[in-house]
Amino acid sequence: MTDQGPRMTPELKAQCIQEALDCRNAAAVARRHPLPPDPVRRWVRAATRRPARPETADLRAAFAQTEAENRQLKEILGDKDLEIAILKDLVKKADRVPPRGVK
């Protein structure tokens, strides 16, 4: 039976993370605990990653709502522009037609 290194426990993982943060060398920590260096690097990266700020989700939701409202307002504006163009066209035609009774 081959030796597969130390049994991975949450305590060992936490110890490796702390050692890697202290010495700033995940590969050296991995060698000390017969582990591959890549998982140790991933653990350290995950442990030091900043958590997402809760207001980010709120901002995304507000942004999505604003975009939806913007699309709706653009549609309304387009409809109003079309109505104005039609009314202007009717006014021009009414100016060209002589009033009733005048030839």
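In the chain, if the dipole is taken from +1 on Lys/Arg beta carbons and -1 on Asp/Glu beta carbons about the Cα centre, which of Pro34, Leu77, Pro10 is farthest to the positive end? Farthest towards the positive pole: Leu77. Within the same chain, aspartates and glutamates fewer than 8 places from Lys13 are excluded, and of the rest, those with a Cα less than 20 Å from its Cα are Asp3, Asp22, Asp38. Labels on offer are (1) 2, 11, 13, 13, 11, 11, 11, 10, 8, 5, 3, 1, 0; (2) 2, 10, 11, 9, 6, 5, 6, 5, 5, 5, 5, 4, 4, 4, 4, 3, 3, 3, 2, 2, 1, 1, 0; (3) 2, 13, 22, 23, 17, 12, 7, 3, 0, and the one holding P(r) over Cα pairs in 5 Å bins from 0, in percent computed from this structure is (2). Taking Cα atoms only, the orientation of helix 54-96 departs from the longest principal axis of the chain by about 20 degrees. Taking R0 as 30 Å, what's the FRET efficiency between Glu83 and Phe63 from their Cβ-Cβ distance, rounded to 0.05? Efficiency, from the Cβ-Cβ distance: 0.45. The mean sequence distance of close C-alpha pairs (under 8 Å, at least 6 residues apart), as a share of the length of the chain, puts its relative contact order at 17 percent.
Every number in this text was worked out from the coordinates using simple rules, so none of it is lab data. Keep in mind that what you see is a predicted model, and the values were worked out from it rather than measured. FYI the Cβ positions are ideal-geometry reconstructions off the backbone, even for glycines, and counts take in every protein chain you see.
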